[in-house]
Amino acid sequence: MAFLDTFVLISYFVLTLAISLWFGWRTKNLKDYAVSSQDFSVTMIVATIFASFTGGNAILGWTEKIYSVGMIAAIPSLGYAVFRFFLAEKVCPKMGKFDKALTVGSILQQNFGKEGRVIGSALAVLNCTGIVATQMVALSVVIQYFFNIESQISLVFIALFTITYTTMGGIRAVALTDLVQFLIIIFFIPLIAVYALDAAGGLEIVVQKSFITKEGFDHSDVLNLSLLFVLASIGNFSPVMVHRLLLSRDLKKLSDSLKLSALIEVPTSFIIAIVRGCCFCDSLF
C-alpha cells in the first residue's frame, strides 16, 4: 500500500482517539456523556445524523446491490430521506416533553413505566449491537484490503478502538468524529465520482451500461425494490436516531437539521450509485 494511503488511515484513527481524550477529560456526569448540554448546532446535528446512517451500509451495502442489479438499486435508499422529512414534520414537534430524557429507555419510562424502560432498553441494545456489528465488518474489509490483515484480527482491533473512543469521549466525541466523516463523504465521494466518470467516458455511457445490469429484470425485481423503498422509509427509527433527536432542546433546529440531512442524502445516494456504475465500463480499467 502507498505511503499516503497508510498515512491517511493512521491519521484518522489517531485523530479519533485524540478527540476522545480531549472530551473525555471534560465529561463530568452521565448527562454530559449522553447528550451533553443539548445545545448542538445545526451543522453538528446534520453531520452526526448523516454520518451515522450513511456509513458502511450505504457505501458498501448499497453498492453491492447496485453491482448485482444496477444503478436503479440506489432508488430505494431515497426512502431514508423520506423518513427524515417525516420525523421533521411529525415527530420533532412532540419531542419537547422528552427534553430531560437521556435515552430511549427514559422516553419509554415516561409512557410505560419501569417495565417499558427495561424491555425497550434491552431491545435497543440488541438493535444497536447489530448496527455496530455491521459497521465493524464494513471497516474490517477496508483495513484488510489496505493493510492485508486477517479479518478476525482487524475486527478485534476495531472493537477495542470503538469501545475506547466512545467510552472515553461520550456524545461530544462521537459527534465531532461524525463531523469528520461527514466532511470526508461530501467532499471526497464526489471527487472520486468526477474522476471515475471522466475515466469511464461520461455520465451517459455509465447510465447506459449500468442502470439495469441484471439479466431478466422483471416485475418481481420492481416489487422487491419498491418494498426496499418502503422499508427504508419506515425502518430508520432506531435508538440511534432517537438519541440524535435528544441533542437539542430547540425543536425547530432539530427539524431543520433532519430536513437538511435528507436533502444531502438524495444527491449522495446517486453519487455513490454513479461511482459503482462506473465499474461496469471497460474504459475505466
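The values are calculated or read from the model by the stated rules, or taken from the named source; none is laboratory data. Predicted, not measured: the structure shown is a model, and the values here were computed from it. Glycine gets a Cβ as well: all are built from the backbone with ideal geometry, and neighbour counts include every protein chain shown. Only protein heavy atoms, including side chains, enter the accessible area calculation; ligands, DNA and RNA are left aside. Shrake-Rupley method; radii C 1.70, N 1.55, O 1.52, S 1.80 Å.
Among Phe23, Phe147, Phe157, the sequence by solvent-accessible area, most first, with a 1.4 Å probe is Phe157, Phe147, Phe23.
Simple spin-label estimate for Leu15 and Arg249 gives 3.3 nm between the two label positions (7 Å along the Cα-to-Cβ direction from each Cα). In vacuo Debye scattering of the range 129-285, one point per C-alpha: log10 I(q)/I(0) at q = 0.16, 0.17 Å⁻¹? Taken in order of the listed q values, log10 I(q)/I(0) reads -1.30, -1.36.
With R₀ set to 22 Å, the beta-carbon distance separating Leu183 from Gln38 gives a calculated FRET efficiency near 0.40.
The portion of the accessible surface of the range 86-161 made up by carbon and sulfur, rounded to a whole percent, is 69 (1.4 Å probe; DNA, RNA and ligands excluded). Using a Gaussian network model of the chain in which every pair of alpha carbons under 10 angstrom is joined by a spring, one finds that among Phe50, Phe237, Phe112 the greatest mean-square fluctuation is at Phe112. At the listed q of 0.21, 0.31 Å⁻¹, the Debye profile of the range 170-212, built from one uniform point per Cα, gives log10 I(q)/I(0) equal to -0.69, -0.96. Partners of Lys259 within straight-line reach, counting lysines whose Cα lies under 28 Å from its Cα and excluding those fewer than 8 residues away in the same chain: Lys31, Lys65, Lys90, Lys94, Lys97, Lys100. Summing charges over all other residues whose Cβ lies under 12 Å from the Cβ of Gly96, with Lys and Arg as +1 and Asp and Glu as -1, gives +3. The residues of the range 78-144 have, on average, 58 Å² of accessible surface per residue, using a 1.4 Å probe with all protein chains present.
Alpha carbon centre of the range 227-283 versus the range 152-203: separation in Å? Value for the Cα centre distance between the two parts: 15 Å.
Evaluate Rg over Rh across the chain, taking Cα atoms for both radii and Kirkwood's formula for Rh. Result for the chain is an Rg/Rh of 0.98. Rounded to the nearest 10 degrees, the inclination of helix 104-147 to the longest alpha-carbon principal axis of the chain is 40 degrees. Principal-axis analysis of the Cα atoms of the chain puts helix 219-234 at an angle of about 30° to the longest axis.
With all projection directions averaged, the alpha carbon convex hull of the range 121-215 covers 9.7 nm². Our estimate of slack between Glu215 and Asn29, defined as 0.36 nm per intervening residue step minus the Cα-Cα distance, is 61.2 nm. The Rg/Rh ratio of the range 195-285, with Rg taken over Cα atoms and Rh as the Kirkwood radius over Cα pairs, comes to 1.12. What is the angle, in °, between the Cα long axis of helix 251-278 and the longest principal axis of the Cα atoms in the chain? Nearest 10 is fine, range 0 to 90. Its long axis makes an angle of about 20 degrees.
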